[in-house]
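Working notes, beginning with the structure itself.
The values are calculated or read from the model by the stated rules, or taken from the named source; none is laboratory data. Computed from a prediction, not measured in an experiment: that's the story for all the values here. For neighbour counting, all protein chains shown are included, and Cβ atoms are generated from backbone atoms with ideal geometry for every residue, glycine included. Heads up: the accessible areas ignore ligands, DNA and RNA and are worked out on the full protein's heavy atoms, side chains in. Shrake-Rupley method; radii C 1.70, N 1.55, O 1.52, S 1.80 Å.
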Amino acid sequence: MASSGRRPEHMAPPEVFYNQDEAKKYSQNSRMMEIQSQMSERAVELLNLPEGQPCFLLDVGCGSGLSGDYLSEEGHVWVGVDISTAMLDVAMEREVEGDLVLGDMGQGMPFKPGTFDGCISISALQWLCNADKTSHSPPKRLHRFFSTLYSSLVSSCFYSIPRTAVRNSPGLLFLTLNRGGGRAVFQLYPENSEQLELITSQAMRAGFSGGMVVDYPNSSKAKKSVLVFPSFFCVSLLVHQESFLRTRFKNMKGKSVKKGKDWILDKKERRRRQGREVRADTKYTGPT
């Protein structure tokens, strides 16, 4: 494809592509931060977590911690994994609230069975479809990742949904795969249908089941793909997703990424409880 040369995963391995210059964009580019926040919000909604109950979540490809920020805002505790030291450095500079782990998702998740209530991942999974080294086998790395993720999610008995469910509404694709108890949501940019088949086949080989939801498939600009590996899936989302996304992006357009005073005070209080050094509150703290 003509645009394939512009795909980040075709330029360099992720630990090389996401260098210091690239990492800075995730803390300085307001547009990029806004988009990341929107996708994280959508991913958390698709997790369908118990309302009002803090959960322990995994963020795969956490980068600079923008998606983790949203998890913290929702009251969840999280652990982030990323292969880029530059991105994790930015996350630490931003003083994100989650714990950070340097690791290659293709080598598997280094966590005990049943650790996490759920998992999200924004714009990371497609990197496993490329062989950056002669020793890399995309099918094997995908299976290693999915099998260890499957193990690290909590298990319980819920119903599953059909593998594929597509709506012809105008850029997000959701592949829903069920683990049993814990749920995982992956937003990604597949290069073609072969990559999607590779990903879903390895996920199902690891034990997942589920389906795919497509939002905005006819928009090459807005199209984003999301894999959802849930314990159960709220079918009503298939009905309401089009109006949700149109309303969401319409409402978010032009909004500032700055948070209100109450949000800032609450975040500072959480950090004090964690034993972190926090500046004293003043009349200038946060926008009024």
Straight-line reach check, LYS133, cutoff 19 Å on alpha carbons, 8 or more apart in-chain or any other chain, hits among aspartates and glutamates -> GLU9, GLU15, ASP82, ASP104
Pairs over 27 Å Cα to Cα, from LYS25/LYS112; LYS24/LYS268; LYS24/LYS140; LYS24/LYS267, come to LYS25/LYS112; LYS24/LYS140
Mean separation of Cα contacts under 8 Å (at least 6 apart) over the residue count of the stretch 1-136, i.e. the relative contact order in percent, is 28 percent
Share of accessible surface on carbon and sulfur in the stretch 1-148, whole %, 1.4 Å probe and ligands ignored, is 49 percent
Ranking SER27, MET39, PRO14 by how far each Cα lies towards the positive end of the charge dipole of the stretch 1-88 (+1 on Lys and Arg Cβ, -1 on Asp and Glu Cβ), the top one is PRO14
Residue-normalised value, i.e. accessible area per residue, for the stretch 24-122 at 1.4 Å probe, in Å², stands at 41 Å²
